[in-house]
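Take a look at the structure set out below.
The values are calculated or read from the model by the stated rules, or taken from the named source; none is laboratory data. Treat the numbers as computed from the prediction; the structure is a model and nothing was measured. All Cβ positions, glycine included, derive from the backbone under ideal geometry; neighbour counts span all protein chains shown. For the accessible areas, the whole protein counts, side chains as well, though only heavy atoms, and no ligand, DNA or RNA atoms are used. Shrake-Rupley method; radii C 1.70, N 1.55, O 1.52, S 1.80 Å.
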Amino acid sequence: MIDDQKIRQALIAREPQALEQVMDAYAGLLWSVAQSVLHTDSAQEIEECAADVFFELWQKPEAYDPAKASLKTYLATAIRYKAIDRCRKLSRDSTFSLRENDIYNENIAEALEREEEAKALKQAVQELPEPEREIVNRRFYQGQKAGEISDMMSLDVRQVQNRLYRAKQRLRHWWVKKQRGEE
């Protein structure tokens, strides 16, 4: 059994065998906690989390206070937060790499142009009169069918279809003018 206060003092005194003793005693616990948070069997990710926690303990042994928690609890909490941070980083990296692949797969200028056109179209939809604006938003941005829209807006299905048709004609007319530079 490890005496937490003595270990802390040994770590502060930079005694390497103290860190080895902590690693031998708690490596399994840290591994289990990291694995449960990361939901992975990737030894590399788990080992990096554990190594980071042990390194931080070695670098800042004063951060651990035996009066507040046992060393076991302190390390388990530290690895839990480290693993959560790692999860966030991995999800950001995977999102970035997907975006990165998209950029490589298409021309950057085309992607930017498409984004600008989508914003302009959204603005044109917002300038439609009611209830056409709401019908278009429900149909194309929320994915509702004409029957659902008619129920939600207390309109006949035929009215919804007619207003949707008129809104699309207005947007088509706007689009043609925009392409000609008349807007």
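With angles folded into 0 to 90 degrees, how steeply does helix 16-38 sit against the dominant principal axis of the chain? Use alpha carbons for both and round to 10. Long axis of 16-38 versus the principal axis of the chain: about 30 degrees. For the chain, carbon and sulfur atoms together expose 50% of the accessible surface, with a 1.4 angstrom probe and every protein chain in place. Of Glu56, Glu116, Glu130, the residue with the greatest mean-square motion in the GNM of the chain, using alpha carbon springs below 10 Å, is Glu130.
The listed residues Leu71, Leu171, Leu29, once ranked by accessible area (1.4 Å probe) with the largest placed first, stand as Leu29, Leu171, Leu71.
Checking the Cα-Cα distances for Lys6/Lys68; Lys145/Lys168; Lys145/Lys178 against a 25 Å cut-off, the pairs over it are Lys145/Lys178. Charge tally around Leu30: other residues with Cβ under 14 Å, Lys/Arg +1 each, Asp/Glu -1 each, net -2. Close amide H partners of Gln144, meaning residues 5 or more places away or on another chain with modelled amide H under 5 Å apart, are Arg139.
Of (1) 18.5; (2) 12.2; (3) 13.3, which one was derived for mean projected area of the Cα convex hull in nm² from the structure shown? Computing mean projected area of the Cα convex hull in nm² and matching it to (1) 18.5; (2) 12.2; (3) 13.3 gives (1).
Lys168 exposes around 90 Å² of accessible area when a 1.4 Å probe is run over every protein chain in place.
Entry note, the chain: relative contact order of 16 percent, from Cα contacts under 8 Å with a spacing of 6+ residues. Per-residue 3J(HN,Hα) values for segment 139-154, derived from phi via the Karplus relation 6.51 cos²θ - 1.76 cosθ + 1.60 with θ = phi - 60°, read 6, 9, 9, 10, x, 7, 7, 4, x, 5, 5, 4, 5, 5, 9, 6 Hz in sequence order (x marks Gly and Pro).
Taking all protein chains into account, the per residue accessible area for the chain stands at 68 Å² (1.4 Å probe). Near Asp65: Cβ cut-off under 12 Å, other residues only, Lys/Arg at +1 and Asp/Glu at -1. The net charge is +1.
Segment 20-46 and segment 127-183 have Cα centres spaced 55 Å apart. Derived scalar couplings between HN and Hα for segment 163-179 equal 5, 5, 4, 5, 5, 5, 5, 4, 5, 5, 4, 4, 5, 4, 4, 5, 5 Hz in order, rounded to whole Hz, by the Karplus curve 6.51 cos²θ - 1.76 cosθ + 1.60 (θ = phi - 60°), x for Gly and Pro.
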